[in-house]
Structure formats: structure tokens, C-alpha cells
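To keep things clear, I will list the structure first and then write my remarks on it.
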Amino acid sequence: MTDTAAPARPLWRAIWEFPLVALLVAAVLTAGTIALLGWALVQLPLTLDEQWGGAVRTTIAVAVLFALYKLVLRHLGERKHDDLPLAGSLRDLGLGMLGAFALMSLIVGIAAVLGVYRIEGWGGLSNWVPMLFAAGISAGFVEELVFRGILFRWVEEFAGSWAALALTSALFGLAHITNDNASWFSSFAIAMEAGVLLGGAYMLTRSLWAPIGLHFGWNMTQGLVWDVPVSGNEVDGLVQAQLSGNALLSGGAFGLEASLIALIVATMFGVWLVKLAAERGHVMRPWWARRKG
């Protein structure tokens, strides 16, 4: 990524395109749209059951937010950039999902070897629809749009890549503190393992598709495949499994995300992605440093 001096602009435009102003505008528009959607979608006269009705509402919400990004958000700020390009989207989504599957399966495998994870039989997949649409599609798209597409992007433009990575990772962990069975350690673990991993994927690809794929694949693999609680929420997976033993290894009731296993393995992978991004010149200097040339 190269830093180029911006041409002279009118004062109003310089203010409008200032990174923190762009961040504020994007955040207000997104929060307002989500709030409006939350009200409007409840009014839909759907004749489906609760699970499939939720799936339809999630699909509509994601489509509206995608349109908001493509039509408005990507045009904000001084450095116009489309974080949701259609070209290469399926490739990056697929790589993200495959990477998450491999990573979470490795974590589960280590937990099994250490005796804190045990498969007891086949599961029922009774809640696969809400899992797929709420914990998968909705969480993967909406959370990545907010944390990487808005917060990371414009904090980075103002304070640089390292500040953006640190701040968004911390906020991402903090956002999970109210989850069922959460603790300050589980939020710290998510900040490190998921915040660095997803931030590193965004830095490396300069697209939201890989982080969305990672986020989606992470939740689906641990929940629907391996029957591990997803960020503290109990699920019914393809297999019926049990976590037991030392909570530092099993993550306790919160799940493997709060374990030392995931903290070490996923954070190391995230650091590797960040290292690749730095080696490829994808690190941005702070706004004031770029102005000095």
C-alpha cells in the first residue's frame, strides 16, 4: 500500500472526508439502518415458523446492509475503496471458510488429545437453521461490516494499521462480555484469537470477504460440526460432544473459544496473517505521518 499526498481540497470537503468524520457518518447510518430493520422486519406478515421466519428476516437484513455499503459507505472518506468487491468474492469467502474449518478442527483435535473434548454419539442438528442464519450469516456479515468494514477501516486511516488492529480487537472481545457464560478471560481470548485473526485477514486481503468467511466458518465448524458452544451459546451439532476437565483447556461453559488451546493456536495464525500483510506492504501509517510525506 502506497501513501500519496492528497491534492488541495475545499475546507468543507477536507472535513467531510476526514477519517473520523467518515467513521462517524458510517456508524450512524449503519446503526440507524439496523435499528430501522429491527422494527420493520418484525412487522412482516410471514406465515413461516419462527426458525424459517428468522432466516428470511436475516436474509433481507443482510441484503439491505450490503446495498447500503455498496451505494453509500464505500464512497465515504478520502480513500475511496470497496471492501465488498464482487470480483474474487467467492474465492475469498471459500478460503476463509476452509481456513476456519481447518483451524477450529485443529483446536478441537488438540482438545480431544488432551482429554477435555469427547464425542459421545451423533447429534440432532435440531437448531441448524437459526445457527446458520443467526450465528453464521448474520454474525459473519454484520459484525465484520461493523468491526472491520467501518471501525478498522477509518481508525486505520486516522491512526494507522497497528492502532486499528489493537482497538478493534479489544472492542470485538468486549462486545462478547454479555454473552451467556462469558467472563473477562473469554473476552480477552476472543480479542486476541478472533480480533487479531479477522483483522489480519482484512489487512492481508483488503476485502471483507475473507474475514466474513473466517467468521462464518469458525462459528459453523465449532457449533454445527463439533457441537462446541458458540461464544457461550449451547448448540446441537452433527455430533454430540462433551467438554470437561480443566476450564483453562476446555473453556468451561463458554466453549473452546475461552481455552488456552484456541488462544494460542488462533492467535498464532492471526499473527501470521498480520506478518504476511506487513511483508506485502499493507500497513498504513497514521494520517498525520502521511501528511508529512
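The values are calculated or read from the model by the stated rules, or taken from the named source; none is laboratory data. Just so it is clear, the structure is predicted and the values come from calculations on it, not from any experiment. When we count neighbours, we look across all protein chains shown, and the Cβ atoms used for this are built from the backbone with ideal geometry, even at glycine.
Within the set of pairs 6 or more residues apart or between chains, which connect a residue that is aromatic (Phe, Trp, Tyr) inside the range 56-71 to a residue that is assigned to a helix (DSSP H, G or I) and surrounded by 14 or more Cβ atoms within 10 Å (Cβ to Cβ) with Cβ atoms less than 7 Å apart?
What qualifies is Tyr69/Leu145; Tyr69/Gly149.
Of the conditions (1) farther than 30 Å from Leu238 by Cβ; (2) among the small types (Gly, Ala, Ser); (3) surrounded by fewer than 16 Cβ atoms within 10 Å (Cβ to Cβ), Ala102 fails just one. Which one is it?
That leaves (1) as the condition not met.
Among (1) surrounded by fewer than 17 Cβ atoms within 10 Å (Cβ to Cβ); (2) closer than 24 Å to Ile177 by Cβ; (3) not hydroxyl-bearing (Ser, Thr, Tyr), which single condition is Leu263 missing?
With (1) surrounded by fewer than 17 Cβ atoms within 10 Å (Cβ to Cβ); (2) closer than 24 Å to Ile177 by Cβ; (3) not hydroxyl-bearing (Ser, Thr, Tyr) applied to Leu263, the lone miss is (1).
The conditions are (1) at pLDDT 95 or above; (2) within 28 Å of Val274 (Cβ to Cβ); (3) not charged (D, E, K, R), and Ala63 fails exactly one of them. Which is it?
Result: Ala63 passes all but (2).
Do we have any residue at all in the range 66-83 that's closer than 30 Å to Gly237 by Cα and either surrounded by 12 or more Cβ atoms within 10 Å (Cβ to Cβ) or in contact with a helix residue (DSSP H, G or I) (Cβ under 7 Å, 6 or more places away or on another chain) (or both)?
Step one: of the range 66-83, the residues closer than 30 Å to Gly237 by Cα are 66.
Filter once more, keeping what is either surrounded by 12 or more Cβ atoms within 10 Å (Cβ to Cβ) or in contact with a helix residue (DSSP H, G or I) (Cβ under 7 Å, 6 or more places away or on another chain) (or both): 66.
Yes: the range 66-83 contains one or more residues that are closer than 30 Å to Gly237 by Cα and either surrounded by 12 or more Cβ atoms within 10 Å (Cβ to Cβ) or in contact with a helix residue (DSSP H, G or I) (Cβ under 7 Å, 6 or more places away or on another chain) (or both).
Find the helices (runs of 4 or more DSSP H) located wholly in the range 2-89 whose residues include 1 or more that are within 27 Å of Ala201 (Cβ to Cβ) and among the polar types (S, T, N, Q), and list them. Write out each step before concluding.
Values: elements: 11-16, 19-42, 50-71.
In the range 2-89, 19-42, 50-71 are the helices (runs of 4 or more DSSP H) which contain 1 or more residues that are within 27 Å of Ala201 (Cβ to Cβ) and among the polar types (S, T, N, Q).
For the range 166-186, which positions are surrounded by 19 or more Cβ atoms within 10 Å (Cβ to Cβ) and closer than 22 Å to Arg153 by Cα?
Selection gives Thr168, Ser169, Phe172, Gly173, His176.
Just one of the numbered conditions (1) within 28 Å of Leu132 (Cα to Cα); (2) touching a residue at least 60 places away in the same chain (Cβ under 8 Å) is not true of Leu23; which one?
Of (1) within 28 Å of Leu132 (Cα to Cα); (2) touching a residue at least 60 places away in the same chain (Cβ under 8 Å), only one is false for Leu23: (1).
Please go through the range 36-53 and pick out each residue that is at pLDDT 85 or above and either farther than 30 Å from Asp83 by Cβ or surrounded by 12 or more Cβ atoms within 10 Å (Cβ to Cβ) (or both).
Leu37, Ala40, Leu41
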